[in-house]
1. Run through segment 155-235 and list the trypsin sites (Lys or Arg not before Pro) located in a DSSP loop whose Cβ has at most 14 other Cβ atoms within 10 Å.
2. Sorted from largest down, what three extents in whole angstroms do the Cα atoms of the chain have along their principal axes?
3. What shape does segment 29-128 take by its C-alpha gyration tensor, where a ≥ b ≥ c are the square roots of the eigenvalues and a/c under 1.5 counts as rounded, a/b above b/c as prolate, and the rest as oblate?
4. Please identify the trypsin sites (Lys or Arg not before Pro) of segment 1-108 that satisfy two criteria: DSSP loop assignment and at most 13 other Cβ atoms within 10 Å. Which are they?
5. Got a sec to turn the phi values of segment 66-73 into Karplus ³J(HN,Hα) couplings, 6.51 cos²θ - 1.76 cosθ + 1.60 with θ = phi - 60°, whole Hz, x for Gly and Pro?
6. Nothing charged except the Cβ atoms of Lys and Arg (+1) and of Asp and Glu (-1): what's the magnitude of the dipole of the chain about its Cα centre? Round to the nearest 20 debye.
7. In whole angstrom, note down how far apart the Cα centers of segment 192-217 and segment 15-82 are.
8. In whole Hz and in residue order, list the ³J(HN,Hα) couplings for segment 320-330 that follow from phi through the Karplus curve 6.51 cos²θ - 1.76 cosθ + 1.60, θ = phi - 60°; x for Gly and Pro.
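Here, each number is a calculation from the coordinates, and none is a lab measurement. Note that the structure is a prediction, hence the values are computed from the model and not measured. Cβ placement follows ideal geometry from the backbone for every residue including glycine, while neighbour counts extend to all protein chains displayed.
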Amino acid sequence: MMKQTSFSSKLLKWYARIQRDLPWRKNFTPYSVWISEIMLQQTVLSGVIHYYVKWMERFPDVSNLAKASSRQVLRMWEGLGYYSRASNILKTARIIIKEHKNKFPDNYTDLISLPGIGDYTACAILSIAFKKPCPVCDANVKRVMRRFLAWKIWNRKKENDLKSFLYSVIDKRAPGDFNQALMELGQTVCVNKNPKCSLCPLGSDCQAFKKHIQNSIPENKSSGIIRKKTLLLLLLYKNKILIVKRKKGVLSHLWNFPLMEKKNNDRVPAGLYIKKHVALKFNFKKKLPKHIHYYTKYQDEIEPVLYHISDPLPVMRDHKWVSLKHLDRYPFPSVYRKILTLLDTDTFNS
């Protein structure tokens, strides 16, 4: 095994040469590190760049963010998924303003007490923004280090052992660069399948590479896709469409259209829903093209269907009739925003 100083030295030299030019690396502040790291959770890096730039233009600092409404924040987050992240960001911004006097906490205990900030994000903020030696341990870092140490078995003890090892090798002068280098190594070289070992700065000391077992660490757990079919009700009344606010789940506080599981005879449950919640008089118009949506382990076949409504009932709580031109004011899951593009003024008259 290489010496501790050699580990960080090789890693940092490699990082200085190849680090990517990313917008959040222009100016490291606790706020910019926080926003970028939350966005990067469960999201491909290339898909985050555009969102980050737009976000920082709209909410350049924590005080501007804290003044925003939930709808404004969710609208800016639209398309990134896992929307509870956006809700937690807003909660945390308001806590920082109210309880920390507009100053980002610079210690681990206070950071992890904030909504949506766990061990990984806290250490990223502490190391990158405050230059404190707190090693991060995300999926990329775990994969790099498990291969480096040839750890096939993974459990809570191994995770604690890894954290201790990283504390021993982290560069105390540049902890932020050290953490970013390890993450970048996992993102670009020590990837999940077919790692590019010939490009790795740690390759000569990687135990998995020496034993030719790098492709079996970590073990690949294939999970089957769960297929769903969803009926999407587009209910039109004059020049308006009915939208519904989600009350719970991963899409809570977002708007969409009435949804139901699609069955063989889909008009029966759709009609029952409309009679109960929307109007006694309605006419089926047409089906729109199906849309296949993938998320986590699901494949959802969404079929939009149009109904024209006559004499609507009083709207229920969390239901709203909105004109087509005003739909962009409401945060929608991106898949439904795409379906909105199928609608135009002719739709109301067809």
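1. Values: sites: ARG156, LYS157, LYS158, LYS163, LYS172, ARG173, LYS193, LYS196, LYS210, LYS211, LYS221, ARG227, LYS228, LYS229; in loops: LYS172, ARG173, LYS193, LYS196, LYS221.
Filter output for segment 155-235: LYS172, ARG173, LYS193, LYS196, LYS221.
2. Per principal axis, max minus min of the Cα coordinates gives 77, 49, 34 Å.
3. On the way: a/c = 1.65, a/b = 1.22, b/c = 1.36.
Note, shape of segment 29-128 comes out oblate.
4. Taking segment 1-108 and a limit of 13 other Cβ atoms within 10 Å, the loop trypsin sites (Lys or Arg not before Pro) found are LYS3, ARG20, LYS26, LYS67, LYS101, LYS103.
5. Result, rounded to whole Hz: 4, 7, 6, 8, 4, 4, 5, 5.
6. Numbers: 62 positive and 27 negative charges, 123 e Å.
Taking the Cα centre of the chain as origin, the dipole is about 600 debye.
7. 32 Å
8. So the J values, rounded to whole Hz, are 7, 8, 10, 5, 4, 6, 9, 5, 5, 7, 10.
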